[in-house]
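What follows is one structure encoded as structure tokens, with my remarks underneath.
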Amino acid sequence: MRIRDEGVFDEEVVFADGFDDCVIGYFESAFDRSSGLVYDTEKIIDSLMIDGMTESDAREHFEFNIRGAYVGKGTPISITPIDRLCPSDP
């Protein structure tokens with residue numbers, strides 16, 4: 001099944017175009033608050049770098065154009081998985 005297959009998510013879910021392979025989850029909120037996709041921040045940065053950006057440019061582009069974009073209810077969020085912040089000891 002592809003992530004954009006019809007019927008998987010409700011119509012309010014917003015996708016960050018070109019980053020379907022960076023989706024790592026779906027968040028849900030109670031009390032009629034928004035829900036949406038969860039993206040892996042570092043996977044997006046890596047994807048931008050593969051497309052030719054430097055790491056610095058990729059991070060700036062990400063912060064301003066992706067993380068900083070609010071497109072209404074269903075706006076996706078991005079996270080850094082905890083194992084990247086606090087790697088376990090070998």
Within the stretch 25-37, how many residues turn out to be touching a Leu at 6+ places or on another chain (Cβ under 9 Å) and surrounded by 14 or more Cβ atoms within 10 Å (Cβ to Cβ)? 1
Condition set outside any helix (DSSP H, G or I) and surrounded by 14 or more Cβ atoms within 10 Å (Cβ to Cβ), scope the stretch 38-59, selection farthest from the chain's Cα centre (by Cα): answer is 53
Just checking, how many residues over the stretch 59-78 are modelled with pLDDT under 95 and touching a Gly at 6+ places or on another chain (Cβ under 9 Å)? 5
Residue 56 vs. criteria of a type in the set (S, T, N, Q) and either modelled with pLDDT of 85 or more or out of contact with any Asp or Glu (no Cβ under 9 Å at 6 or more places or on another chain) (or both): yes
Do we find a residue being in contact with a helix residue (DSSP H, G or I) (Cβ under 8 Å, 6 or more places away or on another chain), of a type in the set (A, V, I, L, M) and at pLDDT 95 or above anywhere in the stretch 15-25? no
Yes or no: residue 57 of a type outside the set (Ser, Thr, Tyr), out of contact with any Cys (no Cβ under 7 Å at 6 or more places or on another chain) and more than 25 Å from residue 29 (Cβ to Cβ)? yes
Selected residue (criterion: nearest to residue 16 (Cα to Cα)) from residues of the stretch 60-72 that are in contact (Cβ under 8 Å) with a residue 24 or more places away in the chain and part of a helix (DSSP H, G or I): 66
Within the stretch 58-72, which residues are charged (D, E, K, R) and touching a helix residue (DSSP H, G or I) at 6+ places or on another chain (Cβ under 8 Å)? 59, 67
Note on the stretch 60-90: residues on the phi > 0 side of the Ramachandran plot and either exposed (fewer than 10 other Cβ atoms within 10 Å of the Cβ) or more than 15 Å from the chain's Cα centre (by Cα) (or both) are 72
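The values are calculated or read from the model by the stated rules, or taken from the named source; none is laboratory data. In this text, all values refer to a predicted model and were calculated from it rather than measured experimentally. Every residue, glycine as well, gets a Cβ built from its backbone with ideal geometry; the counts of neighbours run over all protein chains shown.
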